[in-house]
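One structure below.
The values are calculated or read from the model by the stated rules, or taken from the named source; none is laboratory data. Here the structure is a predicted model, which is why all the values come from computation and not from measurement. Heads up, the Cβs are rebuilt from the backbone with ideal geometry, glycines too, and the neighbour counts pull from every protein chain shown. SASA here: full protein model, heavy atoms, side chains in, ligands and nucleic acids out. Shrake-Rupley method; radii C 1.70, N 1.55, O 1.52, S 1.80 Å.
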Amino acid sequence: MTTPAGGRPRRGRPRSGEQAARRRAALDAALAELLEHGVAGTTMQAVATRAGSSKESLYAWFGNRHGLLAALIERQAEQVNSAVAEAVDRPADPRSTLVTIARNLLTLLVGDVSVALNRAAMTSPELAGLVLRHGRHTTGPLITAFLGRLAGEGHLRTDDPEEAFQLLYGLVVRDLQIRVLLGEHPPGEDDIRAQARTAVDRFLTLAGGRQTPSADR
């Protein structure tokens, strides 16, 4: 806001930081609407009202409701991929890192946000493609590269890290995500932690090379 000489304050264009904050608030509002009302009940007007913004701003930022949902998917995937990248780069024994990755995957895939976004993606091939591109097709290579590194260091017996990832993913996720998408109550934090440890131990039994002792039991 600017103040002309001798005049009243005059509103100008929001600064870039303010624009970014308003856009984040709109995404937060959209996610809240999606969680409360589902994809069919999430409207641009409802999001604008909740965010304290205007529909015109939403259309300027996202294009339409489809673009708004796409931005939510991309934001969620970015947060998840950042967490995975941080886990594989943090100094730790291989089992502890794998347990962290497994726990993060399960927490994500059966959480309310992921379930809501996946249900939204089921309504649109384009949104489904975004979920795959920013999710499985981005997260997968991060974990695969880490498994390749473990194999090179002798911690895994595999010459195909992608195949090792598929084995790990299958042991970790199993059918839990499908069951939750179909309405089953998701496991709690303690159950997720226990299932992550069990899945990694089974993975290392099948594919493990040189074992590293860990206190995470």
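Miscellaneous remarks
- Filter result for the condition that a residue is small (G, A, S), at pLDDT below 95 and within 23 Å of T138 (Cα to Cα), over A70, A40, A20: A70
- From L181, L132, residue being open to solvent by 10 Å² or more (accessible area, probe 1.4 Å), closer than 28 Å to E33 by Cβ and in contact with a Lys or Arg (Cβ under 9 Å, 6 or more places away or on another chain): L181
- Residue within the stretch 69-84 that is more than 18 Å from D28 (Cα to Cα), crowded, with 16+ Cβ neighbours inside 10 Å and hydrophobic (A, V, I, L, M, F, W, C) present: yes
- Pairs, first free of Cβ contacts under 8 Å to residues at least 40 places away in the same chain in the stretch 74-99, second hydroxyl-bearing (S, T, Y) and assigned to a helix (DSSP H, G or I), C-beta under 8 Å, six or more apart: A87/T97; A87/T100; R90/T97; A92/T100
- Any hit, the stretch 191-200, residues being at pLDDT 95 or above, more than 12 Å from R103 (Cβ to Cβ) and open to solvent by 40 Å² or more (accessible area, probe 1.4 Å): no
- Residues of the stretch 122-138 that turn out to be free of Cβ contacts under 8 Å to residues at least 40 places away in the same chain and not in a helix (DSSP H, G or I), as a count: 1
- For P187: the one exception among (1) surrounded by fewer than 18 Cβ atoms within 10 Å (Cβ to Cβ); (2) in a loop (DSSP other than H, G, I, E, B); (3) free of Cβ contacts under 8 Å to residues at least 60 places away in the same chain: (3)
- Candidate set from the stretch 139-170 (those that are within 22 Å of D191 (Cα to Cα) and in contact (Cβ under 8 Å) with a residue 40 or more places away in the chain); member that is surrounded by the fewest Cβ atoms within 10 Å (Cβ to Cβ): L167
- Among (1) in contact (Cβ under 8 Å) with a residue 24 or more places away in the chain; (2) open to solvent by less than 10 Å² (accessible area, probe 1.4 Å) - the single one R119 does not satisfy: (2)
- Scanning the stretch 147-169 for residues that are in a helix (DSSP H, G or I) and in contact with a Pro (Cβ under 8 Å, 6 or more places away or on another chain) yields L147, G148, L150, A151.
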